[in-house]
1. Do any helices (runs of 4 or more DSSP H) lying entirely in region D:49-152 carry at least 2 residues that are among the polar types (S, T, N, Q), and which ones are they?
2. Which pairs do you get when a residue that is within 15 Å of D:Gly135 (Cα to Cα) and open to solvent by 60 Å² or more (accessible area, probe 1.4 Å), found in region D:164-189, comes within reach of a residue that is part of a helix (DSSP H, G or I) and among the β-branched types (Val, Ile, Thr), reach meaning Cβ atoms under 8 angstrom, with the pair 6+ apart or on two chains?
3. Please go through region B:38-65 and give me each residue that is within 23 Å of B:Glu81 (Cα to Cα) and either more than 16 Å from ligand 4 (Cβ to nearest atom) or within 14 Å of chain C (Cβ to nearest Cβ) (or both), ordered by number.
4. Determine whether A:Glu133 is surrounded by fewer than 20 Cβ atoms within 10 Å (Cβ to Cβ), of a type in the set (Asp, Glu) and in a helix (DSSP H, G or I).
5. Among the residues of region B:188-216 satisfying the criterion of being more than 17 Å from B:Glu232 (Cβ to Cβ) and small (Gly, Ala, Ser), which is most open to solvent (accessible area, probe 1.4 Å)?
6. Return yes or no: is D:Val105 in contact with a helix residue (DSSP H, G or I) (Cβ under 7 Å, 6 or more places away or on another chain), open to solvent by less than 30 Å² (accessible area, probe 1.4 Å) and more than 16 Å from ligand 4 (Cβ to nearest atom)?
7. Take the residues in region B:123-137 that are farther than 20 Å from B:Pro94 by Cα and aliphatic (A, V, I, L, M), then tell me which one is farthest from the other protein chains (Cβ to nearest Cβ).
8. Under 8 Å between Cβ atoms, at least 6 apart or on separate chains: pull out the pairs that start in region A:178-197 with a residue that is outside any helix (DSSP H, G or I) and end on any residue that is surrounded by 20 or more Cβ atoms within 10 Å (Cβ to Cβ) and of a type in the set (Gly, Ala, Ser).
Amino acid sequence: MGTLYSEISSWMHRLPAGLKLLLLALSSMALLALSDLRFQALAFAVIALLYASLGAASRPTRRLVVVAVIASALVGGLHTATGQPWLGLASGLRLVSTTMLGAMLTATTRFGDLLGVAEWLLSPLARLGLPVERLALQLGLMLRFAEQFFVQWQRLADAYRVRTGRAGGWRLLAPLTIHMLITARKVADALSIRLKL
Amino acid sequence: MTLSLAQTASTADIRLSDVHLNRGAQTVFQGLSLHLTQRRIGLIGDNGAGKTSLFRLLCGLEHAHQGSVLVAGCDVQRQREQLPGVVGLMFQNPDDQIIFPTVEEELGLSLQYRGVARKAAIVQAREFLAARGLADWAPRAVSGLSQGQRQQVCFLAMLMAAPQVMLLDEPFASLDLPGQARLARELDAAPAQVIISTHVLDHVRHFERVLWLDHGQLRGDGPGAAVCAAYEADVKARIAQPLDAAAAAQPTPGAP
Amino acid sequence: MTLSLAQTASTADIRLSDVHLNRGAQTVFQGLSLHLTQRRIGLIGDNGAGKTSLFRLLCGLEHAHQGSVLVAGCDVQRQREQLPGVVGLMFQNPDDQIIFPTVEEELGLSLQYRGVARKAAIVQAREFLAARGLADWAPRAVSGLSQGQRQQVCFLAMLMAAPQVMLLDEPFASLDLPGQARLARELDAAPAQVIISTHVLDHVRHFERVLWLDHGQLRGDGPGAAVCAAYEADVKARIAQPLDAAAAAQPTPGAP
Amino acid sequence: MTAEHRSETRAQRIALVALFAALMAAFGLIPKIDLPLGVPITAQTMGVMLAGCMLGAALGFQALLLFLAAVALGLPLLSGGRGGMGVFFLPSAGYLLSYPLAAAVAGLVMRSLAGKGPSSPMRLAACAFAASVLGGIVVVHVFGVLGLMLLAKLSFVQAAVGTLVFVPGDLVKCVLVALIVHTVARGLPDWRFGGRRL
Ligand SMILES: Nc1ncnc2c1ncn2[C@@H]1O[C@H](COP(=O)(O)OP(=O)(O)OP(=O)(O)O)[C@@H](O)[C@H]1O
Ligand SMILES: Nc1ncnc2c1ncn2[C@@H]1O[C@H](COP(=O)(O)OP(=O)(O)OP(=O)(O)O)[C@@H](O)[C@H]1O
Ligand SMILES: O=C(O)CCCC[C@@H]1SC[C@@H]2NC(=O)N[C@@H]21
Ligand SMILES: [Mg+2]
Ligand SMILES: [Mg+2]
């Protein structure tokens, strides 16, 4: 599996993973609660500044943010065409904001630390007899795979561009699906060899 | 170095009896039987001969639809949970093996099957790397390593798990010359039973036993020097034919 | 065989001037300059020396943040659309190169840059495979091939695209002996300019020119025999030291 | 049981469930289109259909449960980058809560229609279309209408008419799911769609 984690250190690398997750959760809920567009724009500006403050550490995730901006602009255009420009702007700002938040978490947090937080969060379930470690692994893997979707897409896009000189676009969707399914199988193999699951 | 390799017990005993294996539409093995007690075993053969498939069988990733596979007394199809610690596999392609984004976490994963806590495992991984002069690798992102460096990480991860049987699938393929020498030296020192598949025959020529697989069948089995020579002679005969004749004579998928 | 390799023009001319490249936290090249006009060039060096990075620069996958890269008169950073017929890359890891699920589709993609329609490209891919005695590979799922077989698919895909410059990143790594011989033969026959990176020096020892990269710097450059000998002498000196001393003397990330 | 009829190992189940929960998250990056009703058009229902068709009932159910749990914990994975407990009290909550069951129904339908033994990609795609319609449209909309009635205090007729707006778009998603299943059937001939036996 690939990763968007950046080995170029930043101030966010030094924050504990639990704190970062908590902040991510709180700010995404706050973004949802903000109904006034001005506040949303302000929140967006703050998040964009934070993202920029990561410097080179944000490099692996930049394409992801660009994708979110383009997609938001398209849907914003659609909303404008149907006469709801402000609604389009609001949901576009929110999507790009949360994408940047997620990108910051991914670029600066190690998988093991995330697993630790997930285990701590789920630990009350242990009393119900649930396999907490396995559930945490599953939650962690979900985030790793979400990252991998993007990594894999970039790999395919690179290969396609080298070979045809053009961007692959939607033509890469089917290959991406298959590559991801194969990745899941490989991850399962690696896990079952190395862990007593 | 806190991790002693000597902790691995050493019952070198692998038994395959009448194994039949299909993968997808391909029939890979049709009644393969083997009894491996030597401590250093080489595995050679053409692409698609079944080397990787044999390794996958030995560590329980593939299920024989007939026959049985015993590794150090463990039935790999029934006692899968006990396998980590008994068998370790270094995958042919490093990207198939690596799950964690940083080197130290990836190595630390190797200790989890023994119940070592994550933090403690990472500390041990750092010491393990430092003992090899690789201390600065510990916090690096695996995706920022070159392919050969990733292959070294895969090897170190298996070494750290210190299983009784080490299966190495073309471990030298992407390593540089110093890396190959170092790997060979570490393997010499490991008390585990070691099976190495490779296309570079010089790495296994001196082994007491080498297996030559051909379309899933054991075509050669004996001392390294003899089996490697036989395989080389066969290859030489095949490539002496002109390109198209060779192709026509080899319509099987394994020999493109 | 409808696809003639002779159709490629042949201006063997690659120029790098003062190239600086960073990847992640690593500085890979700091002012690398090269002028390559020979038709067969080898590229050797330790893991992490920068071989793959150099290839990625040459086909426009990495952008130098300073300096320029010209391949056969093409500025790879500005004229990316024209590159596919000019440069072809065989990736070190087949999984990074292969896009489509079946062999024929994958090969067919190689013709798309010339505007061949998808269906027609697949027909040509089948003929191309048949000419090599591999007709039965055409409809197979790539995921059901062994690693060496996948590497062959990667090579065939590049051969089919017939670019003016072929970059092969450790193409022999997973190939069996007949496959290696066949690849070497096909490369000998190809009119393109060919650059091969490898850790098996015998594959490039007879080349007129071999480059030895060391931590992103050109440490050796000249006739194959001389450069390979120099690299081997250096390696020998390094591995003669005991394990820990060698490690301590090499604290750089590229030399574990 | 022979090798081909073996069900997934525990590691495989963990990986597949995580993968399809991640797929939902990836679809969340595609912006939603807000409609006046308070229920958006999203791409995520396609993830529900796919989870059912590809994984089958049990694993599809778990994948969606995992996804909803992550959303509830506050991760902004729901379409448009939303997360937190709050989303379960919006007018659209009925749709949301139906996802696990919808995936399970799609999986059941896929498995029973596709049957055992070799099957052509074309046929599997047709089965996937039907499974997506039953699981990803019928089940989701039944729960969605109930949700609109309870949470937005709409009458049954208002809610039912409101939900019809989505059906054309949802049918397009079913077609896309069928296309993806078709591709996967060609590329991974041994994939066990809907958890069916090969
Ligand atoms: N994932 C897979 N699914 C289905 N069939 C496979 C798969 N992997 C390999 N095979 C088939 O199984 C046979 C044996 O492959 P295997 O990978 O064991 O060969 P190998 O000896 O390791 O070859 P190589 O030297 O290329 O690594 C081949 O015919 C191959 O096509
Ligand atoms: N994807 C990447 N992101 C960041 N840094 C990378 C990446 N790939 C390689 N590097 C770094 O760039 C340097 C050169 O790596 P490169 O892959 O070019 O080496 P190489 O000579 O091809 O080695 P190998 O023989 O192992 O294939 C190394 O220091 C490596 O750590
Ligand atoms: O993201 C949410 O909050 C849930 C939205 C539910 C949207 C429903 S699901 C069925 C129908 N089809 C759509 O595209 N949107 C609605
Ligand atoms: Mg193999
Ligand atoms: Mg390389």
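The values are calculated or read from the model by the stated rules, or taken from the named source; none is laboratory data. Since this is a predicted model, take the numbers as computed values, not measurements. Cβ atoms come from the backbone with ideal geometry, glycine included; neighbour counts cover every protein chain shown. Protein only, heavy atoms only, side chains kept; ligands, DNA and RNA dropped before computing areas. Shrake-Rupley method; radii C 1.70, N 1.55, O 1.52, S 1.80 Å.
1. Working: elements: D:57-72, D:93-114, D:121-131, D:140-151.
Passing ranges, in order: D:93-114.
2. D:Leu171/D:Val133; D:Leu171/D:Ile137
3. The initial filter retains those residues of region B:38-65 that are within 23 Å of B:Glu81 (Cα to Cα), namely B:52-65.
The answer is B:Thr52, B:Ser53, B:Leu54, B:Phe55, B:Arg56, B:Gly60, B:Glu62, B:His63, B:Ala64, B:His65.
4. Values: surrounded by fewer than 20 Cβ atoms within 10 Å (Cβ to Cβ): yes; of a type in the set (Asp, Glu): yes; in a helix (DSSP H, G or I): yes.
Taking the combined requirement at face value, the residue satisfies it.
5. The residue in question is B:Ala189.
6. On the way: in contact with a helix residue (DSSP H, G or I) (Cβ under 7 Å, 6 or more places away or on another chain): yes; open to solvent by less than 30 Å² (accessible area, probe 1.4 Å): no; more than 16 Å from ligand 4 (Cβ to nearest atom): yes.
The answer is no for D:Val105.
7. Checked region B:123-137; the qualifying residue farthest from the other protein chains (Cβ to nearest Cβ) is B:Val123.
8. A:Leu195/D:Ala11; A:Leu197/D:Ala11
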